[in-house]
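Read through the structure below, which is laid out as structure tokens, and then see the notes.
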Amino acid sequence: MGRYKLLQLWSTLKNMLNKLFGRQPDLGNIFIIPFHVKPLDNSIMPSHLEAAYVSCYAKGETYVEATQNALKKLAVDGLHPEEILQPIHEMRVSDWASHIKEQWRVQAASLPSQKEFEKSILSGNVVYGPFGSY
């Protein structure tokens with residue numbers, strides 16, 4: 001049996017054992033990038049709002065790549081980044097549910113579930129936290 005076939009077999013066996021014993025595969029990390037944004041003409045933000053603070057949850061090999069992904073999403077959604085705020089945090093994708101219970105307790109019901117978050121992030125999407133608008 002060739003090396004490639006052994007690696008495939010090992011990967012399949014590992015996934016089966018993880019499913020059998022309830023362990024999730026490693027989903028990696030995401031970065032939490034806070035922004036101060038203002039709406040553009042084609043914005044997802046209601047026109048009567050002047051600006052907002054929002055955290056973007058984005059995947060990337062580095063925080064720089066994750067920030068670039070978040071900036072692209074903001075542009076598509078008609079949001080002009082006035083400022084990238086600090087600090088930028090890193091978090092395990094699998095920690096989303098506990099994170100929103102701690103960080104966004106009041107808004108948790110309006111945010112994606114753990115499963116929805118994982119699906120979105122692993123599809124290359126950027127997820128917004130709650131908007132604090134004014």
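Summary of computed values
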{"read-out": "Inter-residue pairs, beta-carbon under 6 Å, first closer than 19 Å to Ala51 by Cβ and in region 114-134, second of a type in the set (Phe, Trp, Tyr) and assigned to a strand (DSSP E or B), 6+ apart", "value": "Gly132/Tyr53"}
{"read-out": "Segments classed as strands (runs of 3 or more DSSP E), wholly inside region 8-119, with at least 3 members that are within 16 Å of the chain's Cα centre (by Cα) and modelled with pLDDT of 95 or more", "value": "29-39, 52-58, 89-92"}
{"read-out": "Index of the failed condition, Pro130 passing every other in (1) assigned to a helix (DSSP H, G or I); (2) touching a Leu at 6+ places or on another chain (Cβ under 8 Å); (3) not basic (Lys, Arg)", "value": "(1)"}
{"read-out": "Any chance Lys38 is of a type in the set (Lys, Arg) and either surrounded by 14 or more Cβ atoms within 10 Å (Cβ to Cβ) or on the phi > 0 side of the Ramachandran plot (or both)", "value": "yes"}
{"read-out": "Residue check, Ser133 in contact with a helix residue (DSSP H, G or I) (Cβ under 9 Å, 6 or more places away or on another chain) and of a type in the set (Ser, Thr, Tyr)", "value": "no"}
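The values are calculated or read from the model by the stated rules, or taken from the named source; none is laboratory data. What you see is a predicted model, and the numbers here were worked out from it, not measured in a lab. All Cβ positions, even for glycine, are placed from backbone atoms using ideal geometry, and neighbour counts span all protein chains on display.
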